[in-house]
Amino acid sequence: MKTPRFSIVISTLNRGQSLRNTLESFQWLQFDGDFEVVVVNGPSTDHTQDVLREYQDRIRVGTCAVANISVSRNIGICMARGDIIAFIDDDAIPEPEWLAQLAAGFDSPEVGAVGGFVFDHTGYSYQYRFCMADRLGNANPDCASPTPQFSFPGSCEVPHLLGTNSAFRRDLLLKIGGFDEEFEYYLDETDVCFRLIDAGYAILQLSGAYVHHKFARSDLRDVARILRNRFPVIKNKIYFSLKHGRSHYSLEEVLKNNHLFIQKYRDEVEGLIREGKVSTAERESFSDQVERAWDVGLRRGLSGVAELMPSAKIAVHAGEFLPFTVLVTETPRLTVVLISSDYPPGHRGGIATFTKNLAQALAGLGHTVHVIAQSHDVNRVDFESGVWVHRMTVGEYEKSSQAVALGVSQPIWNWSAAALTEVKRIAAHRKISIIEAPVWDCEGIAVLLDGSWPLVTSLHTTLRLWLRGHPELGGDTPWMKQFGGPMLVLEQVLMTRAHGIRANSRAITRDIEDLYGFTIPKDRLLTIPHGMNRATVSAKARSQSGVEVLFVGRLEQRKGIDVLLAAIPQVCAQAPEVFFRIVGDGTLVNETGLTYEQAFRREPGAAACLDRVRFEGKVDDAVLAEAYAACDLFVGPSRYESLGLIFLEAMRFGKPVIGCDVGGVPEIITPEVNGLLVPPNDVGALTQAIVRLVRDPVLRERMGRQGRDIFQERFTAERMARASLTLYEMACQHYTHGS
């Protein structure tokens with residue numbers, strides 16, 4: 001069968017941001033044929049026009065003067081030049097196989113329309129799978145399977161497609177007159193389904209061709225997804241039932257069914273009033289809407305006249321087919337799953353930041369990328385910057401016999417098993433190429449023991465490395481026996497049995513091998529420095545003059561915050577123009593039970609410089625980017641970093657950096673080139689380094705410029721993603737060969 005050309009038609013109204021997400025998602029559609037995108041913009045008053053200008057070379061744009069979905073879609077039909085027209089809403093995201101699976105449904109000339117499954121706003125639960133509709137406009141959304149046997153002219157019930165995931169042969173839509181423009185909202189696609197089947201064509205319901213419907217706010221629905229304007233729903237129900245139902249039901253039966261329909265809405269309104277979600281004024285408003293709906297619906301439904309697509313529109317909206325450009329991979333397209341319990345927003349640790357940068361960079365190369373992270377409320381799936389982010393709740397999972405034998409603790413197993421469960425759900429939609437998980441917390445252990453997919457373990461700070469900064473736990477015999485010891489064993493299992501090993505520095509490999517007493521298999525190991533996206537934020541004007549020194553990180557001993565705080569009074573005494581900005585979680589306590597800020601404020605030497613030190617705690621991404629852009633130099637006196645993303649973040653903004661000669665930090669900072677290195681735990685050396693850069697603006701500018709050059713040459717996210725493809729190929733080869 002010849003691959004048909006598709007026209008994706010979107011009717012939009014005041015949903016600029018969600019429209020941008022929808023258009024962006026089309027870049028990842030995997031379809032062997034050509035498709036175009038036609039957007040019909042209603043009387044929008046938001047920034048929709050700006051979004052359309054961003055895509056002006058890739059899409060065709062029409063305008064609709066009224067807020068009427070059927071009028072808008074008819075304009076789209078007239079503009080479309082594809083063989084098949086696929087409708088999707090401006091708040092919906094298709095999965096990559098959407099068009100290809102829809103196209104496969106049109107394998108017979110008898111099939112006039114095809115549709116697939118629709119996820120609701122959670123992206124996890126279904127809004128629609130299989131549905132039937134009757135000639136009174138009632139829907140049965142609980143069908144267990146497709147119902148092609150009802151696709152015959154005159155059928156009282158027919159297979160129903162949801163408008164946000166429906167595709168029709170364009171010539172048939174023109175033949176039946178397009179959409180009935182009486183349906184400004186609700187039952188519009190149901191009317192088309194009945195007219196198509198009555199014309200002798202079949203409707204095919206697919207178990208797939210997934211679309212995620214985010215159910216954004218509209219002129220009818222508020223931010224809480226509560227329908228506030230029920231007039232078009234009730235009016236169209238009355239109109240539809242009179243148009244299609246009188247051939248099968250008496251007028252009395254039609255009217256009775258509509259009274260029951262309205263009563264359900266009346267009960268809903270009363271329930272919302274009782275729950276305090278709407279005011280009592282909603283009751284009167286609803287009554288007014290019902291009265292108008294009866295008047296208009298009866299009058300137009302009994303007239304027997306349908307407002308079909310005017311033939312004059314076809315010539316007015318003619319145009320040429322414009323193929324939409326998609327991302328093309330340089331290598332075979334992969335489906336990559338990254339497991340990371342923490343993921344932005346809300347998490348900004350090293351693993352979370354690394355995962356986000358890697359995921360978005362891989363997606364930017366055209367690959368399908370899923371991230372599985374933890375959720376503390378409900379399961380949900382979102383499409384964020386080209387990445388499918390699955391946020392999953394953690395339940396109680398029975399341990400496998402292998403997990404029991406390895407002594408996996410229940411909390412560690414619960415999350416790893418939850419991630420594996422979601423991996424299997426993804427695999428039901430598409431073939432997974434590779435899975436990657438961090439060694440920290442052994443997040444990939446369930447995947448490794450399951451053995452169904454190749455696994456890459458990424459090396460970060462391990463438990464044994466972490467214990468060097470927490471000797472009290474290392475010496476806690478019960479804790480080590482119950483948790484620490486088994487975790488160290490699990491880490492070694494993941495580092496020796498995974499099909500691929502990612503090291504972010506040479507130092508992390510060396511340090512792990514020295515501490516654990518084993519050799520990581522070199523034929524599975526690839527050292528790939530972490531990478532980040534280029535900076536796009538400019539510094540804002542500061543409210544104070546002087547030289548700003550920035551620290552970013554958790555306020556804990558491993559990050560060396562105690563060393564920095566001890567150095568600050570000495571720096572301030574020598575450089576009165578300096579002030580410090582400290583960003584990061586400040587809730588952790590030291591050995592005295594105080595937070596580091598509380599302990600600092602109690603130090604006698606701190607009194608003279610308290611007004612030059614600002615503790616900001618956790619901040620959002622925008623504030624963090626502004627902090628990097630605004631500072632004059634960055635300091636991170638960590639006692640250990642496997643690499644040190646904080647330094648890369650500063651370098652991409654062109655800032656000189658000061659770090660300690662530990663772990664992978666020397667692989668980022670070249671002394672006297674892009675920054676300075678000092679010994680760990682050395683307050684005096686740190687003080688001298690800070691003072692030197694504070695006093696020398698020329699040196700700061702030179703080091704910052706060279707740091708940006710080093711970042712762009714060695715540490716971009718795109719470079720990391722391209723190198724990761726080599727690692728994944730290596731891991732897949734080991735998996736295929738059964739080693």
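The values are calculated or read from the model by the stated rules, or taken from the named source; none is laboratory data. Note that the structure is predicted; figures quoted are calculated from it, not measured. Counting neighbours? That spans all protein chains shown, and the Cβs are built from the backbone with ideal geometry, glycine included.
Here is how the numbers come out for the structure above:
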{"quantity": "Index of the failed condition, residue 332 passing every other in (1) assigned to a loop (DSSP other than H, G, I, E, B); (2) loosely packed, with under 14 Cβ neighbours inside 10 Å; (3) modelled with pLDDT under 90", "calculated": "(3)"}
{"quantity": "When residues of the range 144-158 are limited to those that are hydroxyl-bearing (Ser, Thr, Tyr) and either outside the structural domain of residue 186 (by TED's automatic domain parsing) or more than 36 Å from the chain's Cα centre (by Cα) (or both), the one farthest from residue 105 (Cα to Cα)", "calculated": "155"}
{"quantity": "The lone exception for residue 305 - which of (1) β-branched (Val, Ile, Thr); (2) touching a residue at least 40 places away in the same chain (Cβ under 8 Å); (3) closer than 30 Å to residue 241 by Cα it fails", "calculated": "(2)"}
{"quantity": "Criterion (out of contact with any Asp or Glu (no Cβ under 7 Å at 6 or more places or on another chain), surrounded by 15 or more Cβ atoms within 10 Å (Cβ to Cβ) and outside any strand (DSSP E or B)) met by exactly one of 381, 408, 371, 404", "calculated": "408"}
{"quantity": "Checklist (1) within 42 Å of the chain's Cα centre (by Cα); (2) surrounded by fewer than 17 Cβ atoms within 10 Å (Cβ to Cβ); (3) at pLDDT 95 or above applied to residue 238, failing item", "calculated": "(2)"}
{"quantity": "Close pairs from the range 94-115: first at pLDDT 95 or above, partner assigned to a helix (DSSP H, G or I), Cβ under 6 Å, at least 6 apart", "calculated": "96/28; 112/172; 112/196; 113/196; 114/102; 114/105; 115/165"}
{"quantity": "Test: residue in the range 615-629 that is surrounded by fewer than 22 Cβ atoms within 10 Å (Cβ to Cβ), outside any loop (DSSP other than H, G, I, E, B), among the β-branched types (Val, Ile, Thr) and modelled with pLDDT under 95", "calculated": "yes"}
{"quantity": "Answer residue from the range 685-698, given it is in contact with a helix residue (DSSP H, G or I) (Cβ under 8 Å, 6 or more places away or on another chain) and not hydroxyl-bearing (Ser, Thr, Tyr) and is surrounded by the fewest Cβ atoms within 10 Å (Cβ to Cβ) among those", "calculated": "692"}
{"quantity": "Criterion: charged (D, E, K, R) and within 26 Å of residue 96 (Cα to Cα) - qualifying residue of 436, 513", "calculated": "436"}
{"quantity": "Subset of the range 26-77 (residues that are within 22 Å of residue 187 (Cβ to Cβ) and part of a helix (DSSP H, G or I))", "calculated": "69, 70, 71, 72, 73, 74, 75, 76, 77"}
{"quantity": "The range 180-191 - residue that is of a type outside the set (Phe, Trp, Tyr) and out of contact with any strand residue (DSSP E or B) (no Cβ under 7 Å at 6 or more places or on another chain) and, of those, nearest to residue 68 (Cα to Cα)", "calculated": "184"}
{"quantity": "Residue that is surrounded by the fewest Cβ atoms within 10 Å (Cβ to Cβ), among those in the range 630-643 that are part of a strand (DSSP E or B) and aliphatic (A, V, I, L, M)", "calculated": "633"}
{"quantity": "Among the residues listed as 293, 315, the single one being closer than 30 Å to residue 77 by Cβ and in contact with a Phe, Trp or Tyr (Cβ under 8 Å, 6 or more places away or on another chain)", "calculated": "293"}
{"quantity": "Complete set of residues in the range 384-401 that are among the aromatic types (Phe, Trp, Tyr) and either surrounded by fewer than 21 Cβ atoms within 10 Å (Cβ to Cβ) or in contact with a helix residue (DSSP H, G or I) (Cβ under 7 Å, 6 or more places away or on another chain) (or both)", "calculated": "397"}
{"quantity": "Verdict on residue 502 being crowded, with 17+ Cβ neighbours inside 10 Å, in a helix (DSSP H, G or I), of a type outside the set (A, V, I, L, M) and at pLDDT 90 or above", "calculated": "no"}
{"quantity": "So residue 436, is it closer than 23 Å to residue 343 by Cβ, crowded, with 23+ Cβ neighbours inside 10 Å, in contact (Cβ under 8 Å) with a residue 12 or more places away in the chain and among the charged types (D, E, K, R)", "calculated": "yes"}
{"quantity": "Residue in the range 567-574 that is over 21 Å from residue 641 (Cβ atoms), assigned to a loop (DSSP other than H, G, I, E, B) and touching a Cys at 6+ places or on another chain (Cβ under 8 Å) present", "calculated": "no"}
{"quantity": "Residue match in the range 658-675 (condition: at pLDDT 95 or above, of a type in the set (Gly, Ala, Ser) and in a helix (DSSP H, G or I))", "calculated": "no"}
{"quantity": "Test: residue in the range 136-143 that is assigned by TED's automatic domain parsing to the domain that holds residue 253, acidic (Asp, Glu), farther than 16 Å from residue 165 by Cα and touching a Phe, Trp or Tyr at 6+ places or on another chain (Cβ under 8 Å)", "calculated": "no"}
{"quantity": "Selection status of residue 227, without any contact (Cβ under 8 Å) to a residue 12 or more places away in the chain, closer than 21 Å to residue 260 by Cα and either crowded, with 23+ Cβ neighbours inside 10 Å or in the same structural domain as residue 109 (by TED's automatic domain parsing) (or both)", "calculated": "yes"}
{"quantity": "Long-range neighbours under 8 Å by Cβ, at least six apart or interchain, first residue surrounded by 14 or more Cβ atoms within 10 Å (Cβ to Cβ) within the range 249-267, second charged (D, E, K, R)", "calculated": "249/135; 254/246; 258/237; 261/237; 265/230"}
{"quantity": "Test for residue 108: is it within 29 Å of the chain's Cα centre (by Cα) and either closer than 22 Å to residue 75 by Cβ or not charged (D, E, K, R) (or both)", "calculated": "no"}
{"quantity": "Residues satisfying the stated conditions in the range 486-501, i.e. out of contact with any Pro (no Cβ under 9 Å at 6 or more places or on another chain) and in contact (Cβ under 8 Å) with a residue 60 or more places away in the chain", "calculated": "486, 487, 489, 490, 493"}
{"quantity": "Residue in the range 195-206 that is surrounded by 17 or more Cβ atoms within 10 Å (Cβ to Cβ), more than 27 Å from residue 135 (Cβ to Cβ) and under 36 Å from the mean Cα position of the chain (by Cα) present", "calculated": "no"}
{"quantity": "Residue count, the range 278-306 (criterion: surrounded by 13 or more Cβ atoms within 10 Å (Cβ to Cβ) and not in a helix (DSSP H, G or I))", "calculated": "2"}
{"quantity": "Boolean, residue 623 is more than 25 Å from residue 685 (Cβ to Cβ), within 31 Å of the chain's Cα centre (by Cα), outside the structural domain of residue 358 (by TED's automatic domain parsing) and not charged (D, E, K, R)", "calculated": "yes"}
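Residues checked against (1) in the same structural domain as residue 581 (by TED's automatic domain parsing); (2) charged (D, E, K, R); (3) closer than 29 Å to residue 558 by Cα; (4) crowded, with 17+ Cβ neighbours inside 10 Å:
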| residue | (1), (2), (3), (4) |
| --- | --- |
| 647 | yes, no, yes, yes |
| 652 | yes, yes, yes, yes |
| 667 | yes, yes, yes, yes |
| 679 | yes, no, yes, no |
| 706 | yes, no, yes, yes |
| 723 | no, no, no, no |
